[in-house]
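See structure below.
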Amino acid sequence: MLTVDSISKSFGGLTAVNNCSFTIEAHSITGLIGPNGAGKTTIFNVIAGAMKPDTGGVQFQGRNITGQPAHKLFHLGIMRTFQIPQEFFAMTVLENLMVVPAAQSGENLFYALLSPGNVTVREKEVRDRAVDVLDFLRLTHVIDELAGNLSGGQKKLLELGRAMMADPDIILLDEPGAGVNPTLLGDLAEMIERLNKERHYTFCIIEHNMDMIARLCDPVIVMVEGAVLMQGDMNTVRADPRVLDAYLGGDVHGAPN
Amino acid sequence: MDSAQAYGYMLYFVSLMTMGGIYAIMCLGLNIQWGFTGLFNAGIAGFFAIGAYVTAILTTAASTSHLGGYDLPVAIGLISAMAVTAVIAWLVGLLCIRLRSDYLAIATIGIGEIFRLILKNEIWATNGARGIAKIPLPFESLNEPWNKIGFMMLVLVIVTVFYFLIERARLAPWGRLMTAIRENEYSARAAGKNVERVRIEAFVCGSVLMGLAGGLMAHYIKFIGPGATEPLTTTFLVWVMLIAGGSGNNRGAILGAFLLWAIWSFTEVLTGRLPAELAVKAAYFRIFLIGLLLQIVLQRYAGGILPERRPSLNIKA
Ligand SMILES: Nc1ncnc2c1ncn2[C@@H]1O[C@H](COP(=O)(O)OP(=O)(O)OP(=O)(O)O)[C@@H](O)[C@H]1O
Ligand SMILES: [Mg+2]
């Protein structure tokens, strides 16, 4: 479905991504793990059009999308969340979600002014969906709060909420679990599974929480120093001495000491 | 108070409301640009001047001293003022909208001044420093004070109509989109929004109102010359009005315009009483007073007198 082909990206003298290639299969939940600074977020930025790669290309559903701007990629079906939450600061939590859906004709000034029936109907649809998503994320009590006032974990949930508002083919989640409380983390994993099964969304998830990765992801891609070290199911990855050495170390749950 | 005095006060009030209304239109325009969308337009004077000259050229009687006049109806003059401003704002937008907000400010100052210089120096079209006179005042056939009152009513009706239109658009997905771009352009892009396109749209919409205000001012004072489009009395004052009134709040924008214009015109009365040796510095004194006032307002009301309020679930349900 999505192929990253020999991508490299440097910032000044620092090579963040170095000739990195991998493929994400349709309907999979693919994990992307690796030590801090391995280039995971940078790869997301390249895929989602926030950055242009120095070399290499990205194919999505058989088409070359290298270097396309982020807003076009959204309409092709790619939604991403941010590792550092990027909320609409001085807008309410509800508005933060209502911004996202495509095909809002009320975004056109003339439709907004004339406000024909279909604009009102669509607005209600979008609002109801946002209310549902907030209910799911247990953010209903802060629905009218400005997003900038939320706690770190709540902002993280809002990131996920925005992804749920889009109707994408693939969702790129950058550390969705960071800072989220353990109970909710379980629900979150369950929701990702459900969206994957019922709506056939493809996921690519960057996470440092290995329990979550183990529960959800197959395959798992391990990145180290800007390149793919290996790829496989979680058990294979966990057992691989190179991965243990570069990332997991000996103290990870389930891994041999 | 005798009746002549009362009549004088009444005329003063009418002039306050008319000028306040014209400023309110500009303030609403800047509110779309800065208040909703976060675009720092520091070239208000330029768009104001374009609107003023367009309607002046179109509606004055034929003249050898400037382009035109074409003796067209005032309504056509004003609509053309808006249309021409729209096209020029669109071109400026294409050129500058990718700039970060502080650079956009610098670029628009420059472009605004370029427009003003062109208008000042293209003497064949604008009569240069001597300006264009005898611009028709609508309702001129009425007797004083009814012509002035008629024009005031026209301005106030325009303010009211635009207030309702812009408020409606603000509460619609359109306004939400503008503010999303103001608040986080990366997130807006990731949500499929064409940030550049939307910014240009906001820039054009706001500038059109500035052009309209320029046109109305030209008809009101019946004369337009380079002096009437000074950045001090347009760009600077409009910014103070919006910030003091409440950026992002349409009512705040209107309130700020009327309030600040009343104070501004009162400072003229005040500085008029200064001793002669100080009177030459009156302009600086007025700016100082306005700056001080802004400080005081912002100390007490951080978001302006009527700060921005986001729509809540209950309001919209
Ligand atoms: N915009 C940028 N400008 C300069 N350097 C950057 C930029 N973005 C990333 N880098 C650098 O690129 C390298 C890879 O960063 P990246 O964010 O992709 O790592 P990551 O794998 O997501 O790490 P983490 O697990 O800590 O989030 C880092 O050394 C980082 O400092
Ligand atoms: Mg990262």
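Of the listed requirements (1) crowded, with 20+ Cβ neighbours inside 10 Å; (2) more than 16 Å from ligand 2 (Cβ to nearest atom); (3) under 23 Å from residue B:181 (Cβ atoms), residue A:159 misses just one: (2).
For the stretch A:35-69, enumerate the residues that are of a type in the set (Gly, Ala, Ser) and surrounded by 23 or more Cβ atoms within 10 Å (Cβ to Cβ). Lay out the reasoning, then the answer.
Taking the stretch A:35-69 first, the residues of a type in the set (Gly, Ala, Ser) are A:37-39, A:48-50, A:56-57, A:62, A:67.
A:38, A:39, A:48, A:49 - these are the residues of the stretch A:35-69 that are of a type in the set (Gly, Ala, Ser) and surrounded by 23 or more Cβ atoms within 10 Å (Cβ to Cβ).
If you check every pair at least six apart or on different chains, which have Cβ atoms under 8 Å apart with a residue in the stretch B:1-25 that is in contact (Cβ under 8 Å) with a residue 24 or more places away in the chain first and a residue that is basic (Lys, Arg) and assigned to a helix (DSSP H, G or I) second? What qualifies is B:11/B:148; B:14/B:148; B:15/B:148; B:18/B:148. Return the residue satisfying two criteria in turn: it lies in the stretch A:87-146 and is hydroxyl-bearing (Ser, Thr, Tyr) and more than 9 Å from chain B (Cβ to nearest Cβ), and of such residues it is farthest from residue B:172 (Cα to Cα). Once the filter is applied, the top-ranked residue is A:140. Meeting the requirement of 2 or more residues that are surrounded by fewer than 19 Cβ atoms within 10 Å (Cβ to Cβ), the strands (runs of 3 or more DSSP E) wholly within the stretch A:162-257 are A:227-232.
Yes or no, residue by residue, for (1) buried (at least 23 other Cβ atoms within 10 Å of the Cβ); (2) within 14 Å of chain A (Cβ to nearest Cβ); (3) among the hydroxyl-bearing types (Ser, Thr, Tyr):
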| site | (1), (2), (3) |
| --- | --- |
| B:158 | no, no, no |
| B:165 | no, yes, no |
| B:171 | no, yes, no |
| B:213 | yes, no, no |
| B:219 | yes, no, no |
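Listed by position, the helices (runs of 4 or more DSSP H) contained in the stretch B:234-289 that have at least 3 residues being over 15 Å from the mean Cα position of the chain (by Cα) and at pLDDT below 90 are B:250-272, B:276-279.
Yes/no matrix, rows are residues, columns are (1) among the polar types (S, T, N, Q); (2) in contact (Cβ under 8 Å) with a residue 60 or more places away in the chain; (3) within 16 Å of ligand 1 (Cβ to nearest atom); (4) closer than 29 Å to residue A:103 by Cα:
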{"position": "A:165", "(1), (2), (3), (4)": "no, yes, no, yes"}
{"position": "A:176", "(1), (2), (3), (4)": "no, yes, yes, yes"}
{"position": "A:192", "(1), (2), (3), (4)": "no, yes, no, yes"}
{"position": "A:211", "(1), (2), (3), (4)": "no, no, no, no"}
{"position": "A:221", "(1), (2), (3), (4)": "no, yes, yes, no"}
{"position": "A:227", "(1), (2), (3), (4)": "no, yes, yes, no"}
{"position": "A:238", "(1), (2), (3), (4)": "no, no, no, no"}
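Evaluate the following for residue B:176: is it part of a helix (DSSP H, G or I), within 14 Å of chain A (Cβ to nearest Cβ) and not aromatic (Phe, Trp, Tyr)?
Numbers: part of a helix (DSSP H, G or I): yes; within 14 Å of chain A (Cβ to nearest Cβ): yes; not aromatic (Phe, Trp, Tyr): yes.
So residue B:176 passes the test.
In this entry, residue B:137 passes the filter for residues that are touching a residue at least 24 places away in the same chain (Cβ under 8 Å), over 30 Å from residue A:115 (Cα atoms) and either away from chain A (no Cβ under 14 Å) or under 15 Å from the mean Cα position of the chain (by Cα) (or both).
When residue A:66 is tested against (1) within 13 Å of ligand 2 (Cβ to nearest atom); (2) touching a residue at least 12 places away in the same chain (Cβ under 8 Å), just one condition goes unmet, and that condition is (1).
Of the residues making up the stretch A:39-58, just one is in contact (Cβ under 8 Å) with a residue 60 or more places away in the chain, within 14 Å of residue A:73 (Cα to Cα) and either within 9 Å of ligand 2 (Cβ to nearest atom) or more than 14 Å from chain B (Cβ to nearest Cβ) (or both), namely A:44. Restricting attention to the stretch A:185-209, the residues that are over 13 Å from the mean Cα position of the chain (by Cα) and within 16 Å of ligand 2 (Cβ to nearest atom) add up to 2. Counting only residues that are surrounded by fewer than 23 Cβ atoms within 10 Å (Cβ to Cβ) and more than 16 Å from ligand 1 (Cβ to nearest atom), the stretch A:22-34 holds 6 of them. Residues that are under 23 Å from the mean Cα position of the chain (by Cα), within 14 Å of chain A (Cβ to nearest Cβ) and either surrounded by fewer than 23 Cβ atoms within 10 Å (Cβ to Cβ) or touching a residue at least 24 places away in the same chain (Cβ under 8 Å) (or both) are absent from the stretch B:149-156. Restricting A:211, A:167 to those that are within 14 Å of another protein chain (Cβ to nearest Cβ) and farther than 17 Å from residue A:28 by Cβ reduces the list to A:167.
Yes/no matrix, rows are residues, columns are (1) in contact with a Ser or Thr (Cβ under 7 Å, 6 or more places away or on another chain); (2) touching a residue at least 60 places away in the same chain (Cβ under 8 Å); (3) aromatic (Phe, Trp, Tyr); (4) within 22 Å of residue A:17 (Cβ to Cβ):
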| position | (1), (2), (3), (4) |
| --- | --- |
| A:86 | yes, yes, no, yes |
| A:98 | no, yes, no, no |
| A:112 | no, no, no, no |
| A:126 | no, no, no, no |
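Figure legend. Inter-residue proximity from the stretch B:186-204: first residues at the interface with another protein chain (Cβ under 8 Å from one of its Cβ atoms), second residues at pLDDT below 95 and outside any helix (DSSP H, G or I), beta-carbon distance below 6 Å, spacing 6+ or different chains. Indicated pairs: B:192/A:102. Checking the structure you have, find out if any residue of the stretch A:61-69 is in the same structural domain as residue A:213 (by TED's automatic domain parsing), among the aliphatic types (A, V, I, L, M), out of contact with any Ser or Thr (no Cβ under 9 Å at 6 or more places or on another chain) and more than 16 Å from ligand 1 (Cβ to nearest atom). There is at least one residue in the stretch A:61-69 that is in the same structural domain as residue A:213 (by TED's automatic domain parsing), among the aliphatic types (A, V, I, L, M), out of contact with any Ser or Thr (no Cβ under 9 Å at 6 or more places or on another chain) and more than 16 Å from ligand 1 (Cβ to nearest atom). Screening residue A:75 against (1) without any contact (Cβ under 8 Å) to a residue 60 or more places away in the chain; (2) over 23 Å from residue B:189 (Cα atoms); (3) surrounded by fewer than 17 Cβ atoms within 10 Å (Cβ to Cβ) leaves a single unmet condition, (2).
When you scan the stretch B:289-303, do you find a residue that is within 14 Å of chain A (Cβ to nearest Cβ) and surrounded by 15 or more Cβ atoms within 10 Å (Cβ to Cβ), even just one?
The initial filter retains those residues of the stretch B:289-303 that are within 14 Å of chain A (Cβ to nearest Cβ), namely B:302-303.
Still in the list and also surrounded by 15 or more Cβ atoms within 10 Å (Cβ to Cβ): B:303.
So far as the stretch B:289-303 goes, yes, one or more of its residues are within 14 Å of chain A (Cβ to nearest Cβ) and surrounded by 15 or more Cβ atoms within 10 Å (Cβ to Cβ).
The values are calculated or read from the model by the stated rules, or taken from the named source; none is laboratory data. Computed from a predicted structure; not experimentally measured. Cβ sites come from the backbone with ideal geometry, for glycine too, and all protein chains shown count toward neighbours.
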